[in-house]
Amino acid sequence: MGKIYAIANQKGGVGKTTTSVNLAASLAATRKKVLLVDLDPQGNATMGSGIDKNDQEFTIYDVLVGLTRVDNTLQLSSAGHFYVLPANGDLTAAEVEMLTMDSKEYRLSKALASVRSQFDYIIIDCPPSLNMLTVNGLTACDGVIIPMQCEYYALEGLSALVNTINTIQSVLNPNLKIEGLLRTMYDPRNSLTGDVSAQLSSHFGDRLYRTCIPRNVRLAEAPSFGLPVLAYDKQSKGSLAYIALAGEIIRRNEAAVPVAEVTAN
Ligand SMILES: Nc1ncnc2c1ncn2[C@@H]1O[C@H](COP(=O)(O)OP(=O)(O)O)[C@@H](O)[C@H]1O
Ligand SMILES: [Mg+2]
């Protein structure tokens with residue numbers, strides 16, 4: 001059964017979408033079957049995967065409000081070798097429409113159940129807020145990956161996110177956990193970086209990924225060509241970092257497989 005990870009942080013501009021697209025591509029490069037779910041009306045993950053958000057018959061909006069099934073909606077990112085459940089501005093309406101629908105917090109979870117067995121990893125790119133879309137993302141996943149910059153205010157925002165995750169875990173999704181914290185736009189020369197890293201490490205222990213994503217201009221350039229960085233500049237520091245992150249996630253995941261499950265295969 002595939003693992004579902006939500007990439008979430010209510011702060012904008014911390015690297016959620018960059019991480020979603022490049023982690024999806026890096027996992028796919030190791031021959032994992034990957035689905036990237038764009039849960040942000042901005043549709044940046046869709047465009048960054050080389051799929052035109054404004055040229056779709058169906059998007060995640062149609063799936064969430066029950067107009068079509070997921071398997072009618074998936075698009076192949078040919079540059080990234082993974083599938084995408086695309087989003088565009090229509091998704092803003094879903095947030096409102098879902099409020100009066102049955103099981104409004106579980107609509108994404110229910111939709112993904114039908115395709116989950118086809119994938120090793122499903123990555124959900126969440127919007128920069130703690131709204132009903134994000135609730136759907138957190139209810140649909142097994143774990144949350146939190147990208148963050150090592151700056152003072154990042155820690156403040158983190159406690160609001162951790163509280164939300166705890167609430168959703170106790171009310172809606174008992175399996176939910178923080179899968180990992182990812183340091184993005186990492187600059188070891190900045191003195192605050194070391195302080196914040198030490199605090200994160202003492203608070204989150206081994207849930208802090210050892211891999212850090214450096215600030216790298218290739219990561220910022222690649223989306224304008226509709227390419228994951230792996231396809232744009234494979235040897236760049238940003239590309240190598242996301243490949244390392246995929247390796248760290250796969251190793252953690254495979255180390256966590258219960259013995260009974262291993263012997264059964
Ligand atoms: N490691 C990085 N190095 C350089 N630029 C980055 C990096 N990560 C993200 N960016 C750029 O920062 C901006 C915000 O990143 P994005 O992934 O869209 O954040 P979010 O999805 O959290 O809003 C984008 O312009 C992106 O290209
Ligand atoms: Mg984003």
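Any read-out appearing in this document is the output of simple, stated calculations on the displayed coordinates, not a laboratory observation. Not measured: the values here are computed from a predicted model. Note that each Cβ is placed from the backbone with ideal geometry, even for glycine, and that neighbours are counted across all protein chains shown.
If only the Cβ of Lys and Arg carry +1 and only the Cβ of Asp and Glu carry -1, the dipole of region 3-264 around its Cα centre is close to 740 debye. Within the chain, the selection of entire DSSP H helices by a Cα span of 18 Å or greater along the long axis and an average Kyte-Doolittle value of at least -1.0 returns 16-29, 152-171, 191-204, 237-255. Length gained on full extension, Met1 to Thr30, computed as 0.36 nm times the residue gap minus the Cα-Cα distance: 8.7 nm. Applying 1/(1 + (r/R0)^6) with r as the Cβ-Cβ distance of Thr100 and Asn175 and R0 = 22 angstrom yields a FRET efficiency of 0.20. The calculated pair-distance distribution of region 124-213 uses every alpha carbon pair, bins of 10 angstrom beginning at 0, and gives 16, 49, 29, 6, 0 percent.
Take the Kirkwood radius over Cα pairs of region 3-264, plug it into Stokes-Einstein at 10 °C and 1.306 mPa s, and you get 86 µm²/s for translational diffusion. Only the Cβ atoms of Lys and Arg (+1) and of Asp and Glu (-1) were treated as charged; on that basis the dipole of region 36-139 about its Cα centre amounts to roughly 260 debye. Straight Cα distances below 19 angstrom link Lys33 to the aspartates and glutamates Asp71, Asp120, Asp125, Asp142, Glu248, Glu254, with same-chain residues fewer than 8 positions distant left out. Of the cross-linked pairs Lys3/Lys110; Lys11/Lys177; Lys16/Lys110; Lys110/Lys177; Lys3/Lys237, those separated by over 25 Å at the C-alpha level are Lys3/Lys237. Only helices enter this figure: runs of n ≥ 4 DSSP H residues, each worth -39500 (n - 2.57), summed and divided by the residues of the chain, yield -12500 deg cm²/dmol at 222 nm to the nearest 500.
DSSP beta bridges confined to the chain are antiparallel in about 10 percent of cases. With R₀ set to 22 Å, the beta-carbon distance separating Asp195 from Ala160 gives a calculated FRET efficiency near 0.60.
Using the Cβ-Cβ distance between Glu57 and Ser202 with R0 set to 35 Å, the FRET efficiency from 1/(1 + (r/R0)^6) comes to roughly 0.10.
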